[in-house]
Amino acid sequence: MKYIDYKEQREQGTFNFPIAFYHETPHSPRYYMTYHWHTHYEIIRIISGSFQMTMDNETRNYHAGDVIFIKDGTLHGGTPHDCVYDCIVFNLQVLMKDNHACAKTIHDIMAHQITIKPLLSESSTSVLPIINNLCNALSNRKVGYEFMTQGFLYQLIGIILEEHLYEEQVNDHVASERLDSIKDVLAYISDNYYNSISLENLAKIAGMNPKYFCRYFRSMTERTPIDYLNYYRIECACEMLSTKDISIKEVAISCGFNDESYFIKTFHKYKNITPKQFMKAEF
């Protein structure tokens, strides 16, 4: 269900402790991960099941025991399959406060001069125990957990450096510009999904011809642009049906569907139930 925009705006943690923890199961409202990005870093621990996730240009299946590291600005999202997973979203600057010994390395990571490998558990057996301890500290929130949390993050970065789980970054400006163009398209969809949007509109925003744009967008999201637009609209409809006292017809119009019957048909295509069945299941 869509509870976040493509550019995630919500605060993570608090001002003094900008670290947030989420435990997701198939029953969680944020279980499905729509494509988005944020200015924070994120660590995902797969506890069980599998998760097909796309990060920028690469799609991969992750499984139980995998630890995924997502740097700031990375466009990511995907579909979990009978999956239980934890997410830790944090501002890396928290590790720079009054810490001159580590500040240079933290700065290099934040400046993308050091790029941490996305699948940390693939090349190291030391990472998962640290992440397990980190998740337990954030989940239990016992007295002193703030110290434990930051300590485990320092320990993780130490292992990343010791075992060379990173790469020296060489910027690909062309690939970066293409990713930025996709982010522009996603932001436009987020702001205008209730209006009429054509493939030509989206291609123009991306600065590509429609044919190339359609092919590139599909390589990123495994959906055509219009398929993804409708998918996003249905996610928005689910949120409205869950949180507002509103009729199905009003939801359809609010989400860019002028025809109620077409909305119901499209809803069933993506959710395998009708809007009315969805409302009964929710309440």
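The values are calculated or read from the model by the stated rules, or taken from the named source; none is laboratory data. Here the structure is a predicted model, which is why all the values come from computation and not from measurement. Don't worry about glycine lacking a Cβ; one is built from the backbone with ideal geometry, like all the others, and counts go over all protein chains shown. Keep in mind that these areas ignore ligands, DNA and RNA; they rest on the heavy atoms of the full protein, side chains included. Shrake-Rupley method; radii C 1.70, N 1.55, O 1.52, S 1.80 Å.
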* Here are 177, 168: which of them is under 30 Å from residue 227 (Cα atoms) and either open to solvent by 70 Å² or more (accessible area, probe 1.4 Å) or under 22 Å from the mean Cα position of the chain (by Cα) (or both)? -> 177
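For every residue, the table says whether it meets (1) modelled with pLDDT under 90; (2) in contact with a Pro (Cβ under 8 Å, 6 or more places away or on another chain); (3) small (Gly, Ala, Ser); (4) farther than 23 Å from residue 75 by Cα.
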| position | (1), (2), (3), (4) |
| --- | --- |
| 154 | no, no, no, yes |
| 164 | no, no, no, yes |
| 184 | yes, no, no, no |
| 195 | no, no, no, yes |
| 205 | no, no, no, no |
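So that you can scan it fast, the table gives a plain yes or no per residue for (1) under 21 Å from residue 32 (Cα atoms); (2) touching a Lys or Arg at 6+ places or on another chain (Cβ under 9 Å):
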residue: 177; (1), (2): no, no
residue: 181; (1), (2): no, no
residue: 190; (1), (2): yes, yes
residue: 198; (1), (2): no, no
residue: 227; (1), (2): yes, yes
residue: 236; (1), (2): yes, yes
residue: 261; (1), (2): no, no
residue: 278; (1), (2): yes, yes
residue: 281; (1), (2): yes, no
* Qualifying residues in segment 121-144 (those that are buried (at least 16 other Cβ atoms within 10 Å of the Cβ) and either modelled with pLDDT under 95 or of a type in the set (Phe, Trp, Tyr) (or both)) - the one nearest to residue 70 (Cα to Cα) -> 121
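Among the candidates 131, 205, 160, single out the residue that is part of a helix (DSSP H, G or I), of a type in the set (Val, Ile, Thr) and touching a residue at least 60 places away in the same chain (Cβ under 8 Å). It would help to see each step written out before you state the result.
Numbers: 205 fails: touching a residue at least 60 places away in the same chain (Cβ under 8 Å); 160 fails: touching a residue at least 60 places away in the same chain (Cβ under 8 Å).
After ruling out the rest, the residue left standing is 131.
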* Asked: Mind checking which pairs have a first residue in segment 39-56 that is polar (S, T, N, Q) and a second that is outside any strand (DSSP E or B), Cβ under 6 Å, 6 or more apart or different chains?
  -> 39/72; 48/64
* Asked: What number goes with the only condition from (1) in contact (Cβ under 8 Å) with a residue 12 or more places away in the chain; (2) open to solvent by 30 Å² or more (accessible area, probe 1.4 Å) that residue 212 does not pass?
  -> (1)
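The rows are residues; the columns are (1) farther than 19 Å from residue 191 by Cβ; (2) surrounded by fewer than 19 Cβ atoms within 10 Å (Cβ to Cβ).
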residue	(1), (2)
218	yes, yes
221	no, no
233	no, no
241	yes, no
253	no, yes
275	yes, no
* For segment 20-56, how many residues are modelled with pLDDT under 95 and among the β-branched types (Val, Ile, Thr)? -> 4
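To keep it simple, each residue is scored yes or no on (1) of a type outside the set (A, V, I, L, M); (2) surrounded by fewer than 18 Cβ atoms within 10 Å (Cβ to Cβ); (3) closer than 17 Å to residue 123 by Cβ; (4) in contact with a Leu (Cβ under 6 Å, 6 or more places away or on another chain).
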{"residue": "42", "(1), (2), (3), (4)": "yes, no, no, no"}
{"residue": "47", "(1), (2), (3), (4)": "no, yes, no, no"}
{"residue": "53", "(1), (2), (3), (4)": "no, no, no, no"}
{"residue": "61", "(1), (2), (3), (4)": "yes, yes, no, no"}
{"residue": "69", "(1), (2), (3), (4)": "yes, no, yes, yes"}
{"residue": "72", "(1), (2), (3), (4)": "yes, yes, no, no"}
